[in-house]
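Engineer: Have a look at this one before I ask anything.
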Amino acid sequence: MRMGRRMGSLAVLFVFPVMLLAHRLDEYLQAARLSIAPDRVVLKMDLTPGVDVAPMIFWLINANHDGRISESEEREYANQILNDVVLEIDGQHEQFELVRSQFPSFEEMRAGIGAIRIEAQAVWRSSPGRHWLFYQNNHKPDLGAYLVNPLVPASREIEITQQRRDPAQRELRLDFEVRSSTATPDSSPTLVAIVLSLSALIGYGCNHYAAHARKRVPG
């Protein structure tokens, strides 16, 4: 089951670049990835304007129209995006806080290769049991083309049990379970194989040393 989820995560990593390259010139592609941890939800977004709309997006960000995006303009636009994103956990509204952002130059945007990258997080207190998360992206719906996917949780305490998207992929609902941190994790086949391999190597080393020692002992 976990192996299948890992493969699904890898599939997301391969699909996203293909979609980024194939989006229409008059669209503003907004690809989001969500990761759930016991104490926070992390959002990573890549926003790539098509060639036809890149000048509009650039001048929207560059409020003073001096031809370059300043750090304050980056923060202001990144926070505007986050304010347009809805996050609910168990019906409780949560707010994403900006962690970092990266903005391309106007030349990169105009060439259709400039992606705005944003990372944000929302802090929440988990408790053992079943939970649900709702995500919605309302940023620039007049131009937007959307993608949204959950990543495989890094913590063994979290397991995603179901995911549902709307056809436009502006919305995502995740059902997930939180296990107690004291629960004994399952042993994966890979871990078992590593342990067995190490045991075999240690055993081989001990036997080899003992045989070598016997040769050195006078008869």
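The values are calculated or read from the model by the stated rules, or taken from the named source; none is laboratory data. Since we're looking at a predicted model, the values are computed, not measured. All Cβ positions, glycine included, derive from the backbone under ideal geometry; neighbour counts span all protein chains shown.
Engineer: Just to be sure, is Ala63 within 17 Å of Asp46 (Cβ to Cβ) and either more than 17 Å from the chain's Cα centre (by Cα) or of a type in the set (A, V, I, L, M, F, W, C) (or both)?
Structural biologist: Answer is no for this residue.
Engineer: Name every residue in the range 37-81 that is touching a His at 6+ places or on another chain (Cβ under 9 Å) and without any contact (Cβ under 8 Å) to a residue 60 or more places away in the chain, in order of residue number.
Structural biologist: Listed by number, the residues that qualify are Trp59, Gln80, Ile81.
Engineer: A further question follows. Residues of the range 90-109 being closer than 25 Å to Phe134 by Cβ, of a type outside the set (D, E, K, R) and surrounded by 14 or more Cβ atoms within 10 Å (Cβ to Cβ), which ones?
Structural biologist: If the condition is that a residue be closer than 25 Å to Phe134 by Cβ, of a type outside the set (D, E, K, R) and surrounded by 14 or more Cβ atoms within 10 Å (Cβ to Cβ), then Phe96, Leu98, Ser101 are the ones that fit.
Engineer: Somewhere in the range 119-134, is a residue in the same structural domain as Val152 (by TED's automatic domain parsing), more than 20 Å from the chain's Cα centre (by Cα) and among the acidic types (Asp, Glu)?
Structural biologist: No, the range 119-134 contains no residue that is in the same structural domain as Val152 (by TED's automatic domain parsing), more than 20 Å from the chain's Cα centre (by Cα) and among the acidic types (Asp, Glu).
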